[in-house]
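The values are calculated or read from the model by the stated rules, or taken from the named source; none is laboratory data. None of these values were measured; they are calculated from a predicted model. Glycine also receives a Cβ, built like all others from the backbone with ideal geometry; neighbour counts cover every protein chain displayed.
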Amino acid sequence: MIKSIIKKTPLYIIFFIIILHAIPHLSSSINRIYDGLKKIDTYPRQEYKAKLYGHMVIDFISSVTTELEITTLPYLIYPTHNGDLYGVAMLLDGYRVNVNKDIIMFLDMDKPIWKDDKSKCQREINNNNLTKICQLPDNYIITGIQFSEAFGNSSHTISFECKNKIISKFIFDKSNLIHSENIPYDNLLKIPNKDKFYKTINKKDCDKTITITISDIKENDFHFSITGLSGEGGTAGNVMDNVPEHIIILWDKKDARNYLAVNKNNLNKILNKYKFINNSYKD
Amino acid sequence: MDNVIYKNLVFAVDFFWNNYFYSIVFLLIIPFFFSYLFTSKSKLPSDINWLFGIIILSIFIILLHAHGLSKNLTFIIIYILSIAGFVSFIKNMNKFNFRMNILSLKSLVYFISFIFAFDALLVTYFEPIVAGDSLAYWWSKTKALYQWQPLNLFLSPQYPHLGSTIWMLAINYADGNEFVGRGLFATLQAIIFISFCFALNLKNLDLASRIVYGGVVVLSYIFLVKLEMGGGLTFTYSGYMDWLVAIIPCFGYFLFGYRNILQNKSEKYQLHVDNAILIVFFSSAALVKAEGYTDILIYLVSISLCFVFFTNKKIEIKNIVPVIISFFIIFIIININNYIYLINEISIGNTHGFNVKGILLSYQNIDRTPLIIEYLIKSTLNNSWVYITYMILLFGIIIIKRFDLLVLSLLPILLYYFFIYLVFMSTTSPIEWHLSTTLFRLNYHIIIMMIFSNIMFIKFLLNKYNLRNK
């Protein structure tokens with residue numbers, strides 16, 4: 001008996017070594033299983049997923065794609081990437097492999113064109129009219145302006161002038177401002193198109209400078225910045241060359257840097273095909 | 001407190017019932033009876049026949065999908081064939097060994113390993129898929145198959161998709177939740193690995209040796225299931241298919257080699273059902289990932305040389321016929337992809353082609369050698385204990401003079417090292433980038449070969465040890 005045990009000593013040593021290695025793994029796995037089962041009913045998987053995939057702006061894209069055919073993916077444009085970012089299409093419902101370039105989603109893009117526009121803009125107030133003449137980058141798309149803070153109940157007239165020509169002029173008050181849960185991108189004003197959507201201004205319209213005038217300004221500290229997409233300012237990185245002329249349809253209520261647009265040249269075709277676009281807009 | 005535990009328990013049971021129950025029932029029953037149509041005469045253990053069922057069921061689905069059959073019709077055919085298999089099983093029930101010893105070592109090893117597999121299952125639930133390539137390639141195929149999209153709409157139709165089909169089978173009855181299939185990969189890996197370990201003849205081992213053997217199997221599985229590929233992603237359940245493309249041919253090769261070279265030296269090679277099953281296993285790597293073709297080529301060269309070196313078969317026409325048929329089966333299976341591309345008019349480009357010109361001219365890049373060696377050393381040091389164990393056991397195998405096993409193990413490993421060297425000598429991509437992104441994944445194949453080899457080494461060493469102590 002003792003002889004047999006001695007003979008098998010090497011086996012016992014090996015088994016002891018195995019146990020020594022396996023036990024910590026086993027106990028950590030059992031603990032993890034126990035913890036997992038404890039939190040499985042309270043675990044906010046959807047919230048966690050939203051956070052994990054937040055940089056892909058999945059929620060906003062999903063809110064649009066649910067209205068499209070199950071194989072259609074909008075043309076997604078991120079600051080440094082256009083197209084299917086890390087397989088974002090595969091995280092959406094359906095099987096979205098057919099990119100429709102007429103339906104464009106700008107994601108994390110719509111920001112002040114200049115991070116600090118003091119050196120790029122001249123600002124003057126005459127007869128309560130605030131005029132700002134700004135230089136523009138080489139390549140850009142202007143989507144509107146952002147006020148540094150909300151203003152009172154008064155209404156104002158704003159005009160966008162380029163090449164001595166008024167491109168857009170309209171009256172607005174604080175009810176026209178767009179609010180975003182993402183505070184640094186709050187208090188935005190878009191430029192109404194002749195229909196109920198919003199226009200964008202590009203290089204063809206303005207070239208190097210733009211003059212924006214807002215009437216009936218009563219406070220001297222009334223500030224605003226031009227918002228949009230710009231290669232130079234860093235808001236649109238390398239993708240500017242691929243950005244088509246477009247009409248803004250709606251934006252992400254959580255973060256107004258994200259918006260849905262339609263190719264300007266095919267607006268009617270898209271409106272006829274996708275009724276949700278018309279219906280999504282509240283007059 | 002008790003109330004909270006009860007509530008969690010009820011929720012957990014409800015959760016697993018809703019997400020996994022139908023998938024597990026489907027995966028347990030259908031592949032087994034589906035394969036029984038082919039394996040009724042097999043002497044292989046039931047778990048291997050079940051694995052074979054998973055593979056041929058997936059190949060069957062891939063083929064019917066490629067031919068444009070609807071999903072409903074495909075599954076109806078599967079159910080009909082499975083029922084036929086079930087009827088055949090009932091008829092032969094008296095031949096089936098029902099002795100399911102729950103207290104056997106194999107069951108115990110399965111039980112312990114399933115704890116780790118279950119851990120992996122929970123991890124996949126809590127950690128949604130993040131790996132970019134996995135999303136874009138493997139999950140995309142799974143999703144496409146789940147929604148039964150035509151092949152021309154697949155994001156990458158030119159890649160094979162056996163692994164994604166298995167993933168689809170798992171999520172098909174789980175509301176398409178990706179984590180269900182990804183989580184079950186750890187269980188599938190456990191079954192592949194453990195079924196191999198216990199398909200070796202352990203009858204000569206005494207209880208103490210068996211317990212040591214079982215411990216080694218569990219420890220190896222822990223290593224396999226937890227092995228990381230970088231960036232916090234595991235090989236097994238991150239959604240990549242490297243684990244499957246490495247383990248399937250390795251399983252087929254070593255079991256085929258064990259049964260035909262190590263066990264039956266003097267008998268002539270016969271293409272019986274068991275060998276045919278192992279050949280299908282071995283060659284189906286080509287249907288998982290393009291690297292599978294390389295694995296098959298390497299294993300094929302290795303097994304052929306082992307046959308030449310270590311068996312006493314006389315070269316006669318009647319001996320050559322089963323060999324030719326075996327090669328023909330391999331040829332058919334590895335060309336299933338090409339057949340699918342052909343009937344669907346899909347251009348595969350240079351995805352599957354060997355860069356022959358690049359390989360021939362690779363001597364011009366000889367200056368890359370030190371860098372390749374540096375990365376190989378880094379990769380080796382990451383899992384140094386696998387290499388150390390392998391070297392020690394290899395030394396043991398030399399001492400007990402099992403040179404057949406030594407060559408069977410060492411040949412594919414050396415050939416794979418040579419392949420890795422050729423890949424990086426001939427690559428047209430920036431060498432540092434290619435090495436840093438790919439080498440560890442290629443080296444994973446060698447790690448798998450070493451782990452399977454280690455299991456066989458230990459089995460033979462324990463055998464010798466038992467014989468000496470008798």
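Structure values in brief
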| quantity | calculated |
| --- | --- |
| Residue pairs meeting the criteria (Cβ under 8 Å; at least 6 apart or on separate chains; first modelled with pLDDT under 85, in segment B:1-26; second among the aliphatic types (A, V, I, L, M) and in a helix (DSSP H, G or I)) | B:N8/A:L37; B:L9/A:L37; B:A12/A:L37; B:N19/B:V180 |
| Count of segment B:109-119 residues which are facing chain A (nearest Cβ under 9 Å) and not aromatic (F, W, Y) | 3 |
| In segment B:126-139, residue nearest to B:F179 (Cα to Cα) [restricted to those that are buried (at least 23 other Cβ atoms within 10 Å of the Cβ) and at pLDDT 90 or above] | B:W139 |
| Checklist (1) closer than 30 Å to B:V13 by Cα; (2) buried (at least 20 other Cβ atoms within 10 Å of the Cβ); (3) of a type outside the set (G, A, S) applied to A:T42, failing item | (2) |
| Qualifying residues in segment B:416-440 (those that are crowded, with 16+ Cβ neighbours inside 10 Å, out of contact with any Lys or Arg (no Cβ under 9 Å at 6 or more places or on another chain) and under 22 Å from B:I388 (Cβ atoms)) - the one modelled with the highest pLDDT | B:Y416 |
| Filter result for A:G152 (surrounded by fewer than 14 Cβ atoms within 10 Å (Cβ to Cβ) and assigned to a loop (DSSP other than H, G, I, E, B)) | yes |
| Breaking point among (1) assigned to a strand (DSSP E or B); (2) in contact with a Lys or Arg (Cβ under 9 Å, 6 or more places away or on another chain); (3) more than 30 Å from B:L151 (Cβ to Cβ), for A:I125 | (2) |
| Test: B:V323 is touching a residue at least 24 places away in the same chain (Cβ under 8 Å), within 26 Å of the chain's Cα centre (by Cα) and within 30 Å of B:F60 (Cα to Cα) | yes |
| The listed residue being in contact with a helix residue (DSSP H, G or I) (Cβ under 6 Å, 6 or more places away or on another chain) and not in a loop (DSSP other than H, G, I, E, B), out of B:L422, B:L342 | B:L422 |
| Failed criterion for A:D93 (all others in (1) surrounded by 14 or more Cβ atoms within 10 Å (Cβ to Cβ); (2) out of contact with any strand residue (DSSP E or B) (no Cβ under 6 Å at 6 or more places or on another chain); (3) not polar (S, T, N, Q) hold) | (1) |
| Conditions (1) within 14 Å of chain A (Cβ to nearest Cβ); (2) at pLDDT below 90: number failed by B:K41 | (1) |
| Hits in segment B:241-261 (condition: surrounded by 23 or more Cβ atoms within 10 Å (Cβ to Cβ) and either of a type in the set (S, T, Y) or within 13 Å of chain A (Cβ to nearest Cβ) (or both)) | B:Y253 |
| Filter pass, B:F52 being among the aromatic types (F, W, Y), in contact with a Leu (Cβ under 9 Å, 6 or more places away or on another chain) and away from every other protein chain (no Cβ under 14 Å) | yes |
| Pairs with Cβ under 6 Å, 6+ apart, first in segment A:265-280 and more than 16 Å from A:P244 (Cα to Cα) and at pLDDT 85 or above, second of a type in the set (V, I, T) and surrounded by 14 or more Cβ atoms within 10 Å (Cβ to Cβ) | A:L271/A:I277 |
| Candidate set: segment A:104-136, residues that are without any contact (Cβ under 8 Å) to a residue 12 or more places away in the chain and of a type in the set (K, R); chosen: the one nearest to A:T157 (Cα to Cα) | A:R123 |
| Residue list for segment B:274-325, filter: crowded, with 16+ Cβ neighbours inside 10 Å and β-branched (V, I, T) | B:I277, B:I279, B:V280, B:V288, B:T294, B:I296, B:I298, B:I303, B:T311 |
| Residue satisfying condition, being under 20 Å from B:M229 (Cβ atoms), at pLDDT 90 or above and outside any loop (DSSP other than H, G, I, E, B), within set B:V109, B:V123 | B:V123 |
| Answer from B:G215, B:G232 - the residue that is at negative phi, free of Cβ contacts under 8 Å to residues at least 40 places away in the same chain and within 14 Å of chain A (Cβ to nearest Cβ) | B:G215 |
| Candidate set: segment A:109-119, residues that are among the charged types (D, E, K, R) and surrounded by fewer than 19 Cβ atoms within 10 Å (Cβ to Cβ); chosen: the one nearest to A:D84 (Cα to Cα) | A:K115 |
| Cβ pairs under 6 Å, 6+ apart, first in segment B:389-403 and free of Cβ contacts under 8 Å to residues at least 24 places away in the same chain, second exposed (fewer than 11 other Cβ atoms within 10 Å of the Cβ) and aliphatic (A, V, I, L, M) | none |
| Helices (runs of 4 or more DSSP H) contained entirely in segment A:1-98, each with at least 3 residues that are in contact (Cβ under 8 Å) with a residue 12 or more places away in the chain and more than 8 Å from chain B (Cβ to nearest Cβ) | A:58-65 |
| Every residue from segment B:269-287 that is in a loop (DSSP other than H, G, I, E, B) and either in contact with a Ser or Thr (Cβ under 9 Å, 6 or more places away or on another chain) or without any contact (Cβ under 8 Å) to a residue 40 or more places away in the chain (or both) | B:Y269, B:L271, B:H272 |
| Failed criterion for A:L136 (all others in (1) buried (at least 22 other Cβ atoms within 10 Å of the Cβ); (2) under 24 Å from A:F60 (Cβ atoms) hold) | (2) |
| Total residues in segment B:131-170, condition within 13 Å of chain A (Cβ to nearest Cβ) and in a helix (DSSP H, G or I) | 21 |
| Any hit, segment B:61-70, residues being within 14 Å of chain A (Cβ to nearest Cβ) and surrounded by fewer than 16 Cβ atoms within 10 Å (Cβ to Cβ) | no |
| All positions within segment A:11-23 that are surrounded by 10 or more Cβ atoms within 10 Å (Cβ to Cβ) and under 28 Å from B:L227 (Cβ atoms) | A:L11, A:I13, A:I14, A:F15, A:F16, A:I17, A:I18, A:I19, A:H21, A:A22, A:I23 |
